[in-house]
1. Separation between the Arg190 and Val391 pseudo-spin-labels, each 7 Å from Cα along Cα→Cβ, expressed in nm?
2. Per DSSP H run of n ≥ 4, the term is -39500 (n - 2.57); total these for the chain, divide by its residue number, and report the mean residue ellipticity at 222 nm rounded to 500 deg cm²/dmol.
3. Over the stretch 206-397, how many percent of alpha carbon pairs lie in each 10 Å bin up to the one with the longest distance?
4. In Å and from the alpha-carbon atoms only, list the Rg and Dmax of the chain.
5. Under DSSP H, which helices of the chain have Cα atoms covering 27 Å or more of the helix axis and a Kyte-Doolittle average no less than 0.5?
6. So who's got an amide H within less than 5 Å of the one on Thr340, skipping anything under 5 residues away but keeping other chains? H placed 1.01 Å off N, in plane.
7. Using 7 Å Cα-to-Cβ label points, what is the Val107/Ala167 separation (nm, one decimal)?
Amino acid sequence: MRTSIPGVSVSRERLGLTLLIVSLASALGPFSNTIYGPNMVALREAFQTTNTWVGATLSVFGFVLALSQLLAGPVADRFSAKRVLVGGLLLYSAASVAAYWANQIEVFLLTRALQAAGAATGLVVGGAIITDRYPAAQRGKAMGTLQMFNAIGGTMGPLAGSAIALAFVWQANAVALVVAGLAVAALAARYLPETAAPAQRLSLSTIAAVIRYPVTAGILLMAFVQYLGHFTFVAYMPVVLRERFDLPETLIGLFFLPTSLGVLTGSQVGGRLVDRYGARRLLFLGAWFGAASTALYAAVLLLDPAAWTFPALIVFQAGFALSVGLSVPAHMTVMVERFTRNRGAAVGTYASLRYFGGAAGPLVTGLALDRFGLASGFGTAAAILALGAAVGYALVAGHQDKS
């Protein structure tokens, strides 16, 4: 059976293969960022350095990943998504080879930055290729699948890093990344369709246009604050479990599962709801649901621990994660539809703002947490989420008849 797209006739099997390849490419970024997480002590001892320098290996990767997407988007619009993706994956693989041989922390940091620059292409081009190949009625579900793989990548990174280091040595993580990068690059080169490059000048002015347009500006704001909240949970949920419930560190990792399952479930449900009810309703549902879940989490932390408070916190944690999953397919659908010709720049700007929000989250909410206690940290996140939802709603709803 074939699907009709303006100017293109594509079999369902070929569409499915295309979606799988771009989803795998999207997963490489978060997977590579977290794979070394369990190996921090081994890294510190191997390079004879400090915890600060070892922690910088994660920070540098995240920052470069966010920044590179701003450039990867316009480049994909200019030279075609497929070529940019394959080139980025080859850079990622070469940097992973260098990471294996690195014998100084400064060299390892450089290889991590280059890995991130290459992996950024996978986070950008998926939305562009889905827009080219999928009819409008099926894009929401495809975007949800893309986000699901992205979430799986971040979830599987620490598990893979622990297993590989246990079976071999921590340097073997770099070998796994080389194999993954080359495999996805080969699949992309062989099976991804070649999309025509729009006739436009490569310029960061396209990014400015995405930020200035009220509808996409509202989505960027909601995405920024949502990832600010998400990484508040990632950073300080373990502190809650340790200080309030005295859980051993060996068990705390298990309590990231509700977050992962919430994002995965939400991304799949959200994609289908976008196709059925439209993206706008999902935008606001996800934004307000996330703010409410975080506020309830903070409210429970104000109470003395009791038998019901622990499961309540898990429920509200999962509820916030569900809101993230619900929102992303709607966000990406509107972004690429509003900027069809500049879809790479639109998706790249969106992805970058999310990661910058994630970087800001632990810092902003951590200041409140350290000064006023656990509840204030999550309360600050809830207030920022609510403010972002309100301003985002005003920007999007106020221009609903314009495109």
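1. 4.8 nm
2. -29000 deg cm²/dmol
3. With 10 Å bins starting at 0, P(r) equals 10, 37, 33, 15, 4, 0.
4. Using the Cα atoms of the chain, the pair Rg, Dmax is 20.6, 63 Å.
5. Membrane-span-like by this rule: 12-34, 51-79, 81-101, 105-133, 136-167, 172-191, 214-245, 279-301, 309-338, 374-397.
6. none
7. 2.7 nm
None of the figures in this text is laboratory data; all of them are computed from the coordinates on show. The shown structure was predicted, so the numbers you read here are calculated from the model rather than taken from an experiment. A quick note on method: Cβ atoms are made from the backbone with ideal geometry, for glycine too, and the neighbour counts reach across all protein chains shown.
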